[in-house]
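In what follows, a structure is listed as structure tokens, so that the remarks can point back to it.
Nothing in this text is a laboratory measurement; each read-out follows from the coordinates by a stated rule. These figures come from a predicted structure and were not determined experimentally. Here the Cβ is made from the backbone with ideal geometry for all residues, glycine too, and neighbour counts use every protein chain on show.
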Amino acid sequence: MNYDRLLAPPGKTIKLKDYDPEYTGKFSSKEDAAEKLGSDIVKMAALQDVLYAQNTYSLLIILQAMDAAGKDSVIKHVMSGVNPQGCQAVSFKIPSAEELAHDYLWRSMKQVPERGRIGIFNRSYYEEVLVVRVHPEILQNQRIPRALVGKDIWKERFEQINAFEKYLTRNGTVILKFFLNVSNKEQKKRFLERIDTPEKNWKFSSSDVRERGFWKDYMRAYEDVFSNTSTPWAPWHIIPADRKWFTRAAVADIIVKTLGSLGLKYPTLDADHLKGLKDDRKALVEGQTPAEE
Ligand code: ATP
Ligand code: MG
């Protein structure tokens, strides 16, 4: 499947009206996409095994979306095959007092996955140019020196984020950014489901409905994010999210393709180590270890 149309081309002005939340590519139903998702989950597990063994690259997956777009479901389903030892998911919520005492990238830097691992950011530092932009009072509470906050603050943050991501990628962290593009109509439907289904009540929060009132502001902020931070080293993917099964299939496909493109290999031993291995084998076979004497 060709997912190029889900990419936000670097350097272009992005308009969300060009990205259809209901798009499902060549698939017509959940069942239709299930086989592809299943095989990608198996492939991802195999690739992760090599990523972990090779221990040089890491993969950072960034998920951004409006509420109820399906971030949790992507994490649950797409990562279901990977070894928990090589994987971590971090949720970025309203910053704590300790986090607010630092610059905004501080808490993210600490959570960047180690070499060999896959890390998922459930929300991220992009909130700093989204929710913080939609609600400017949050910025005021960040205690940045007044003289440093001017009209170019968002442009400056885009530059800082691009530089941060370039730095990470040039040090071996591959970055995949996904925006789960749910429509306003589908979000309403999912909120109503959360209210009407007792087992889903716990997922509902009335603050989500309040944020929904800022939909247009969020969409404008997101468009500016894509237009300014989709870069050749860390491009944005705008994933249709009105059909959850397609969202999962598309994200899994892109992760598998990305890991597959890294040329990952199990480490091989140099001549000295190979000789050591041979000697150890001989000792084992001949029973030369202390306990067997
Ligand atoms: P879910 O609702 O599925 O549990 P969630 O990601 O929506 O997941 P919540 O606890 O509902 O989690 O919301 C987290 C909130 O924290 C969001 O409203 C988000 O905008 C906010 N947030 C995240 N990062 C920041 C930030 N840097 N500054 C201010 N608010 C932030
Ligand atoms: Mg929420």
Of all DSSP beta bridges in the chain, what percent run antiparallel (nearest 5)?
10 percent
If you plug each phi of region 258-268 into the Karplus form 6.51 cos²θ - 1.76 cosθ + 1.60 with θ = phi - 60°, what whole-Hz ³J(HN,Hα) values come out, in order, with x for Gly and Pro?
5, 4, x, 7, 7, x, 5, 9, 5, x, 10
For the chain, what does -39500 (n - 2.57) per DSSP helix run (n ≥ 4), summed and divided by total residues, give at 222 nm, in deg cm²/dmol to the nearest 500?
-14000 deg cm²/dmol
Can you give the log10 of the normalised intensity I(q)/I(0) at q = 0.09, 0.12 Å⁻¹, computed with Debye over equal Cα scatterers of the chain?
-0.51, -0.83
For region 1-76 and region 90-113, write down the distance between their C-alpha centroids in whole Å.
25 Å
As I understand it, the dipole of region 1-152 uses +1 on the Cβ of Lys and Arg and -1 on the Cβ of Asp and Glu, about the Cα centre. Which of Ser28, Leu7, Ala45 lies farthest toward its positive end?
Leu7
P(r) histogram, all alpha-carbon pairs of region 46-91 included - 10 Å bins from 0, percent
22, 52, 22, 4
Give me, ordered by chain and number, the residues 5 or more places off Ile62 or on other chains with an amide H under 5 Å from its own placed amide H.
Phe121, Leu176, Lys177, Phe178
Local net charge near His77, Cβ-Cβ under 9 Å (Lys/Arg +1, Asp/Glu -1)
+3
Gaussian network model of the chain, Cα within-10 Å springs - most flexible of Glu165, Glu35, Glu114:
Glu35
Amide H contacts under 5 Å for Met79, restricted to residues at least 5 apart in sequence or on another chain and with H modeled in the peptide plane, are none
Using amide H atoms built 1.01 Å from N in the peptide plane, name the residues 5+ places from Thr173, or on other chains, whose amide H lies under 5 Å from its own.
Ser58
Counting Lys +1, Arg +1, Asp -1, Glu -1, what net charge surrounds Arg123 among other residues with beta carbon under 14 Å of its beta carbon?
-3
